[in-house]
Amino acid sequence: MIVLQYRPGSLTAKDVDTGTSDADSTSTTSNTFSTANANELILFCATQAGLVTFTAGNIGGVGSTLRGFSGASNSAVDAACEERVVSSVQTNITAAMSSSVSHVWAGVAVAFK
């Protein structure tokens, strides 16, 4: 389980969410999604069927930041989250993440306004 905490009041509602699942691979990409508002927080959390080290990918073609792991650090964990704050409406974008070992993936991308 990963728990991310953000300042109260900065996120008021969920805008959009989409999932992903990929076969045995070292990377995953979400389904395409769009946001309805500017100044949104986009999170992409993914898990693998093994213990790995994750690498942040892109959200909407721009580098994201890893923020949470299913363990104390990004070493031998099975899940991670990355984030990006966008200043404009995003249209038909994806979120991506990679890992050190090839395994089956599942994940979700969600945007908060």
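For the chain, the relative contact order works out to 45 percent when only alpha carbon pairs closer than 8 Å and six or more residues apart are counted. With Cα atoms defining each centre, region 73-113 and region 1-62 are spaced 3 Å apart in the structure.
Farthest toward the dipole's positive end in the chain, which of Ser99, Ser30, Ser64, given Cβ charges of +1 (Lys, Arg) and -1 (Asp, Glu) about the Cα centre? Toward the positive end, the furthest listed residue is Ser64. Evaluating 6.51 cos²θ - 1.76 cosθ + 1.60 at θ = phi - 60° for every residue in region 59-64, the Karplus couplings come out as 10, x, x, 10, x, 10 Hz, glycine and proline recorded as x. Using the Stokes-Einstein relation with a Kirkwood hydrodynamic radius computed over Cα pairs, the translational diffusion coefficient of the chain at 4 °C and a viscosity of 1.567 mPa s comes to 93 µm²/s. For region 25-34, the Karplus equation 6.51 cos²θ - 1.76 cosθ + 1.60, evaluated at θ = phi - 60°, returns couplings of 7, 9, 8, 9, 9, 5, 5, 5, 8, 10 Hz by residue, with Gly and Pro reported as x. Ratio of Rg to Rh for region 18-67: 0.96 [Cα atoms; Kirkwood radius as inverse mean 1/r over pairs].
Read-outs throughout are calculated quantities, based only on the coordinates presented, and are distinct from any laboratory measurement. Since the model is a prediction, treat every value here as computed from it, not as a measurement. Cβ atoms come from the backbone with ideal geometry, glycine included; neighbour counts cover every protein chain shown.
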